[in-house]
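All remarks here apply to the structure that follows.
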Amino acid sequence: MSLACFECNRIGSFNIIILYFETGLDLKNNVSDYKNFYTDCLNFEDIELVEISNFAVVRLTSSESSIFSPEKSLSKSDIKYISDNELQLKLPKIYSKLTEK
């Protein structure tokens, strides 16, 4: 099955994933251990750095085009924490889905 960006509905290959975690991010885990969405609507370099957040932007070492890809390790990825406000402003659909109870 192909990947699509939940924010803009574009189908393609993506190397950016937004993660949500309530109790902290453990780099020993895989991306799939957290609520997540692939996206192409966010530039990794443009993210304003924050030290503490329940959201992270992960840049994988390669792009994925299928949901049937192997587990992706967080320890081999670039990670930046993103504030709730910035994520809500830049990716409102993804933010809403990730924080949905």
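The numbers here are math on the coordinates, done by the rules we state, and not lab data. Every value quoted in this text rests on a predicted model; they were computed, and no experiment measured them. Glycine also receives a Cβ, built like all others from the backbone with ideal geometry; neighbour counts cover every protein chain displayed.
Taking Cα pairs under 8 Å and at least six residues apart, what relative contact order does the stretch 14-99 come out at, in percent?
Numbers: 144 pairs, mean separation 31.8, N = 86.
Result for the stretch 14-99 is 37 percent.
Residue by residue, the stretch 47-61 carries 3J(HN,Hα) couplings of 6, 6, 5, 10, 8, 10, 6, 9, 10, 9, 9, 10, 9, 6, 6 Hz when phi is fed to the Karplus relation 6.51 cos²θ - 1.76 cosθ + 1.60 (θ = phi - 60°); x denotes Gly or Pro. Near SER13, once Lys and Arg are set to +1 and Asp and Glu to -1 for all other residues with Cβ below 9 Å from its Cβ, the sum equals -2.
Using alpha carbon centroids, what distance separates the stretch 77-101 and the stretch 1-48, in Å? What the calculation gives is 9 Å, centre to centre. Translational diffusion of the stretch 14-99 was estimated from the Stokes-Einstein equation, with Rh taken as the Kirkwood radius over Cα pairs; at 37 °C and 0.692 mPa s the coefficient is 254 µm²/s.
Of the peptides 54-64, 8-18, the ranking by mean beta-carbon count within 10 Å, highest at the top, reads 54-64, 8-18.
The phi-based Karplus calculation (6.51 cos²θ - 1.76 cosθ + 1.60; θ = phi - 60°) puts the 3J(HN,Hα) values of the stretch 77-89 at 10, 7, 10, 10, 6, 10, 5, 4, 4, 5, 5, 5, 6 Hz, whole numbers, x for Gly and Pro. Positive contributions from Lys and Arg (+1) and negative ones from Asp and Glu (-1), summed over other residues with Cβ under 9 Å from the Cβ of VAL57, come out at +1.
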